[in-house]
Amino acid sequence: MKKITTIFTSILFASFLFTSCSLSTNELAKEVEKSMKESEQFKTNSITIKSLILTKKSGNEYNGVLQTSEPNGQFTYTVEVIYDGNNMTWKIIE
């Protein structure tokens with residue numbers, strides 16, 4: 001019985017470590033927004049981010065809604081994000 005308790009405790013601890021090392025959905029949205037603001041695409045086209053909301057799709061995939069203010073008006077885009085706990089990529093779907 002002690003061995004089962006030790007194994008369960010180890011699994012629980014490992015699960016805690018893996019989840020505590022990754023960003024929450026809101027923290028990830030802030031990091032994506034920061035990356036977007038630093039991108040050449042946003043800088044050269046004078047794009048201002050009004051809001052970015054992400055929701056977890058499955059695994060390490062997220063979908064989002066991006067609202068921007070641009071020289072030609074206000075726009076809403078769909079965003080796809082992949083985050084593996086260390087690296088993040090984003091793509092705007094037009």
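What follows draws every value from the coordinates through simple rules; no lab data is involved. All values derive from a computational prediction rather than experimental measurement. Glycine also receives a Cβ, built like all others from the backbone with ideal geometry; neighbour counts cover every protein chain displayed.
With both labels modelled 7 Å from their Cα along Cα-to-Cβ, the Ile53 to Glu40 distance reads 3.3 nm.
Taking 0.36 nm per residue of separation and subtracting the Cα-Cα distance, full extension of the segment from Met88 to Thr25 would add 21.5 nm.
Taking 7 Å steps out from each Cα toward its Cβ at Asn60 and Thr78 produces label points 2.3 nm apart.
Short-range pairs are left out: with C-alpha atoms under 8 Å and at least six residues apart, the relative contact order of the range 23-93 is 23 percent. Within the same chain, aspartates and glutamates fewer than 8 places from Lys56 are excluded, and of the rest, those with a Cα less than 13 Å from its Cα are Glu27, Glu80, Asp84.
The charge dipole of the range 23-93, taken about its Cα centre with unit charges on the Cβ atoms of Lys, Arg (+1), Asp and Glu (-1) only, comes to about 140 debye.
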